[in-house]
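Enquirer: Here you go, one structure.
Read the figures in this text as sums done on the coordinates, not as results from a lab. Treat the numbers as computed from the prediction; the structure is a model and nothing was measured. Counting neighbours? That spans all protein chains shown, and the Cβs are built from the backbone with ideal geometry, glycine included.
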Amino acid sequence: MENTINPDTKRPYSITMIERLMHDIHFAVDPYNSSKKQALDVIHRLVKKFPIKRSPMRLRLTVGEKNFSTILEKLGTWNGEIVTMDESGTQFSVDDQKMAARLANTMCNSLKGRPALV
């Protein structure tokens, strides 16, 4: 539940907020059922009543200066959004919603870069 956000505000839900929402839908933890089954059940019930969404995966890419423009063009075609960028312009973070991490990994390896999940 710590990887959930409110899609309207793009802010993460705190554990206290999730507990309050669980209380609002009258969900009680059953010690005799598996935790995975209960987690899936509560997620489905919360999604029906409240705006809740998984937070996007954040990917930090480090590439050389000469390959920087190439990866920016690829990010544009993948609809990737740059979240942060360092001063040198060789390291930046993107929210990886529509592109797979494998594709970004392959792209970085072909451009002699380094990806890391944040």
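Enquirer: State the percent of C-alpha pairs, over all pairs in segment 4-54, separated by a distance greater than 14 angstrom.
Expert: Here the long-distance tail beyond 14 Å is 53 percent of all Cα pairs in segment 4-54.
Enquirer: Something else: Using a simple charge model, +1 on the beta-carbon of Lys and Arg, -1 on the beta-carbon of Asp and Glu, nothing else, what dipole does segment 4-54 show about its Cα centre, in debye to the nearest 20?
Expert: Here the size comes out at about 260 debye.
Enquirer: Continuing with the same structure: Asn6's amide H: which non-local residues (gap 5+, or another chain) put their own amide H closer than 5 Å, with H modeled 1.01 Å from N in plane and none for Pro or chain starts?
Expert: Amide H neighbours of Asn6, under 5 Å, 5+ apart: Arg11, Tyr13.
Enquirer: Residue by residue, what Karplus-based ³J(HN,Hα) values in Hz, rounded to whole numbers, does segment 22-33 have, using 6.51, -1.76 and 1.60 with θ = phi - 60° and x for Gly and Pro?
Expert: 5, 5, 5, 8, 6, 9, 10, 6, 9, x, 8, 9
Enquirer: If you find the alpha carbon centre of segment 15-33 and of segment 63-80, how far apart are they in angstrom?
Expert: Using only Cα atoms to place each centre, the spacing works out to 43 Å.
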